[in-house]
Amino acid sequence: MSNSGLMLIIVVAFLAVLFFIFYRQIENFMVFYPEKALAGDPRKWGLAGEDVYFNSEDSVKIHGWFFPLEGDRPVILFCHGNAGNISHRLDNIRMLLNQNLQVLIFDYRGYGKSMGNPSEKGIYRDGLAAYDFLVKQKRIPPDRVVPFGRSLGAAVALEIALNRQVRSVIIEGGFTSTREMARRMPLFLPVSFLLPANYNNIKKVTLISVPILIIHGEKDNIIPFSMGQALFNSANKPKFFVPLKKAGHNDTYSTGGNQYFDFFAEFADKGRISGFSD
């Protein structure tokens, strides 16, 4: 072997070692797109939301908005996606409230007014802290709490359902794992088989015992529709799958319209959808 060939092998090996040493930081950089500044507040939407703060297990201060309603209505524990912050979900929250569903939405660490820096373990702790806030401080019975996770939030919602008592769980536009996502990215494809299966939703759904609703846009160009199908196929019964024919990744609730919210509200209320077979 020539000296140039040996040098090339050494350089490639060195770069590979560096990649795996710093993979967690690289993954976090690729996954999280937080915004600190709030783009609006509930009052501008005519919503009666409470500013709430609570601490995660590792003492990180988390901020959220709680939208209570009269009566014993289910509470949607809203785990949002990887970009922006809670202020970018106010239109969606308004529509959920119109379905007579209470809502608690919170920002992961590093997003909005929440302290700290985001990480996989960190956002799981934030989700569990949000649940504990509802049950312990707001006295919401566990059987009225419905974790709802969109995109990245699917991993958080599933984590809550695995570690706390809940009524049911809803995930929308969820991926199977970051390893599977890496296989669709040219930069990571050559080493994707070596990567850890972080945010392992495909494994988590096999461990969920409460009713689960999976929603996915058929034209999703960020998280493939096939991943939503795979999550549904791996989930335990009772399970329900709502494919949205015209929806992409970020327009599910606006494209789905009344039918989307009818399905969402019925499932949150009853743990099933009329006319659907699981």
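The values are calculated or read from the model by the stated rules, or taken from the named source; none is laboratory data. Note that the coordinates shown come from a computational prediction; the quantities given were computed from them, not determined experimentally. A quick note on method: Cβ atoms are made from the backbone with ideal geometry, for glycine too, and the neighbour counts reach across all protein chains shown.
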Quick check on my filter: what residues within the range 93-113 are within 15 Å of Thr252 (Cα to Cα) and either of a type in the set (Val, Ile, Thr) or in contact with a strand residue (DSSP E or B) (Cβ under 8 Å, 6 or more places away or on another chain) (or both)?
Ile93, Leu96
List the pairs whose first member sits in the range 107-124 and is aliphatic (A, V, I, L, M), whose second member is part of a loop (DSSP other than H, G, I, E, B), and whose Cβ atoms are under 8 Å apart, counting only residues at least 6 apart or on separate chains?
Met115/Val60; Met115/Arg109; Ile123/Tyr108; Ile123/Arg109; Ile123/Leu152
Check off (1) loosely packed, with under 14 Cβ neighbours inside 10 Å; (2) at pLDDT 95 or above; (3) touching a helix residue (DSSP H, G or I) at 6+ places or on another chain (Cβ under 8 Å) for Ile62 and give me the number that stays unchecked.
(1)
Inter-residue pairs, beta-carbon under 6 Å, first among the polar types (S, T, N, Q) and in the range 50-71, second part of a strand (DSSP E or B) and surrounded by 14 or more Cβ atoms within 10 Å (Cβ to Cβ), 6+ apart:
Asn55/Lys61; Ser56/Ile62
Whether any residue in the range 164-175 is at pLDDT below 95, in contact with a Phe, Trp or Tyr (Cβ under 7 Å, 6 or more places away or on another chain) and not in a loop (DSSP other than H, G, I, E, B) is what I want to check.
no
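Taking the range 143-152 only, how many residues are surrounded by 24 or more Cβ atoms within 10 Å (Cβ to Cβ) and either in a loop (DSSP other than H, G, I, E, B) or not basic (Lys, Arg) (or both)?
Taking the range 143-152 and keeping what is surrounded by 24 or more Cβ atoms within 10 Å (Cβ to Cβ), we get 145-150, 152.
This time we only want the ones that are either in a loop (DSSP other than H, G, I, E, B) or not basic (Lys, Arg) (or both), so: 145-149, 152.
Residues that pass the stated criteria total 6.
Name the single residue, out of those in the range 237-278 being in a loop (DSSP other than H, G, I, E, B) and charged (D, E, K, R), that is nearest to the chain's Cα centre (by Cα). Give the derivation first.
Initial filter on the range 237-278 (in a loop (DSSP other than H, G, I, E, B)): 237-238, 245-251, 271-278.
Right, trim to charged (D, E, K, R) and you get 237, 245-246, 251, 272, 278.
Values: Lys237: 21, Lys245: 21, Lys246: 21, Asp251: 15, Arg272: 21, Asp278: 22 Å.
Among those residues, the one meeting the criterion is Asp251.
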